[in-house]
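The values are calculated or read from the model by the stated rules, or taken from the named source; none is laboratory data. These numbers were taken from a predicted model, which means no experiment stands behind them. Cβ: placed from backbone, ideal geometry, glycine included. Neighbour counts: every protein chain shown.
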């Protein structure tokens, strides 16, 4: 049998399946069931990894560029119109996991709760110089700049559209203590010893060489400074997003060049910055966040199609939000979780 023909036919089948999904005719329960099956498949694949796989992955990350496929990340997420995210996200435009403790019932409240938790764990205080690295639509910088008016916030995004949005919002809100810039983290030029705090929320998943990245960040920290990192993670398995069929639809459509860290992965990269404290939140917090995004998208479906240019694009985002909800809700949030770390320079 010609195995090349078999592989090609499988690839065509996935293309047909994707067109069917993007038609919008697949019922939600069917989509959710298929996504849960893919989550289970992923876990089976990771459990079959040979002993020493994570150590080999760490070695490969150390030899990699700081980030790869940065243009793809912009196309897939960050150069998408801000007006689209204004329909899908909450009032703070927080494009990352929110926090749903007891008493929090709305997406806006959950956004604010995670911003509060981030500020507490990063130990933000008035009068600091803060670098918001991979700032998204500026949810943290804009919120914290109002909360800590004597602090100075530098918000850095890889996307010009996000920089422009943050700059416009800072002007509209009278926040003179926010500066936004667009830059690739691999070539980002910042003064050494300039920042009391560096905060990075769901950016490390787009990175590869954590050792080189953390060395750069260490150089930007002032004496006594600290880095706070928020990532989504699997509790045990780290793996790159690679386009290898249905289980890596995320790689193909939304996380080209990305990485799913394990909760222990960052512990392998403490050459320059040491982890002083870490925390975990179960995945249900992200699942509830993605469910809220999904409901917002469905409530503004026609507007979203006009903003994105096609109904098929809306269906891609519909599946993405459902995939996030089911992934982080899988097994009651005990597999894929939210991990927080605070790091400081080694003495």
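Filter segment 181-197 for residues that are surrounded by 16 or more Cβ atoms within 10 Å (Cβ to Cβ), in contact with a helix residue (DSSP H, G or I) (Cβ under 8 Å, 6 or more places away or on another chain) and under 23 Å from residue 120 (Cα atoms) and give the result.
Scanning segment 181-197 gives 194, 195, 197.
Return yes or no: is residue 30 more than 20 Å from residue 254 (Cα to Cα) and at pLDDT below 95?
Spelling it out, residue 30 is indeed more than 20 Å from residue 254 (Cα to Cα) and at pLDDT below 95.
Within segment 253-277, how many residues turn out to be part of a loop (DSSP other than H, G, I, E, B) and more than 22 Å from residue 62 (Cβ to Cβ)?
1
Here's a check for you: in segment 221-243, which residue that is part of a strand (DSSP E or B) and modelled with pLDDT under 95 is farthest from residue 265 (Cα to Cα)?
For segment 221-243, the residue satisfying everything is 240.
Step by step: first the residues of segment 148-180, then only those that are free of Cβ contacts under 8 Å to residues at least 24 places away in the same chain and in contact with a strand residue (DSSP E or B) (Cβ under 6 Å, 6 or more places away or on another chain), then the one that is surrounded by the fewest Cβ atoms within 10 Å (Cβ to Cβ). Which residue is that?
For segment 148-180, the residue satisfying everything is 167.
Would a scan of segment 316-338 turn up a residue that is part of a strand (DSSP E or B) and in contact with a helix residue (DSSP H, G or I) (Cβ under 7 Å, 6 or more places away or on another chain)?
Yes, some residue in segment 316-338 is part of a strand (DSSP E or B) and in contact with a helix residue (DSSP H, G or I) (Cβ under 7 Å, 6 or more places away or on another chain).
Output the number of residues of segment 119-147 satisfying the condition of being crowded, with 22+ Cβ neighbours inside 10 Å and part of a helix (DSSP H, G or I).
Number satisfying all stated conditions: 7.
Any residue in segment 298-308 that is crowded, with 21+ Cβ neighbours inside 10 Å and modelled with pLDDT of 95 or more?
Looking for residues that are crowded, with 21+ Cβ neighbours inside 10 Å and modelled with pLDDT of 95 or more, one finds at least one in segment 298-308, hence yes.
Can you confirm whether residue 280 is surrounded by fewer than 18 Cβ atoms within 10 Å (Cβ to Cβ) and not in a helix (DSSP H, G or I)?
yes
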